[in-house]
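Worksheet: the structure to be examined is printed underneath.
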Amino acid sequence: MQAAFPLVFAALLFCVGVFGVLSRRNAVLVLMSVELMLAAVTINLVTFGLLAELLARTYYESQNKPVYAIREVRQTPERVVVEG
């Protein structure tokens with residue numbers, strides 16, 4: 001996944017929201033600008049969540065640890081025998 005586009009889009013959206021909050025005096029327009037800022041934060045959260053999932057999946061798939069399955073454990077008086 002290319003993360004550059006959503007992150008740049010969210011940064012631009014956040015900048016537009018900050019400009020709107022700082023330059024407007026109308027309460028409705030200020031609230032709309034705050035809404036743009038919150039939308040940018042949401043886009044960032046979704047993007048970083050997808051990246052974290054992708055990195056975690058890549059990390060766990062790269063671990064080449066063997067899985068041992070023990071089918072039966074018999075205990076005799078002198079030793080433990082593991083068959084499998």
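List of remarks:
- Given (1) under 30 Å from Arg57 (Cα atoms); (2) out of contact with any Phe, Trp or Tyr (no Cβ under 7 Å at 6 or more places or on another chain), number of the condition Ala27 does not satisfy: (1)
A quick yes/no check of all residues on (1) at pLDDT 80 or above; (2) under 20 Å from the mean Cα position of the chain (by Cα):
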site: Val21; (1), (2): yes, no
site: Glu35; (1), (2): yes, no
site: Ile43; (1), (2): yes, yes
site: Val67; (1), (2): no, no
site: Glu72; (1), (2): no, no
site: Val82; (1), (2): no, no
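- Taking each residue of the range 22-38 that is under 22 Å from Val8 (Cβ atoms) and looking for partners that are aromatic (Phe, Trp, Tyr) and modelled with pLDDT of 95 or more with beta-carbon atoms closer than 6 Å, six or more apart or interchain, yields Met37/Phe14.
- Qualifying residue in the range 45-64 (condition: out of contact with any strand residue (DSSP E or B) (no Cβ under 7 Å at 6 or more places or on another chain), modelled with pLDDT of 85 or more and β-branched (Val, Ile, Thr)): yes
The values are calculated or read from the model by the stated rules, or taken from the named source; none is laboratory data. All of these numbers come straight from a predicted model, not from anything done at the bench. Don't worry about glycine lacking a Cβ; one is built from the backbone with ideal geometry, like all the others, and counts go over all protein chains shown.
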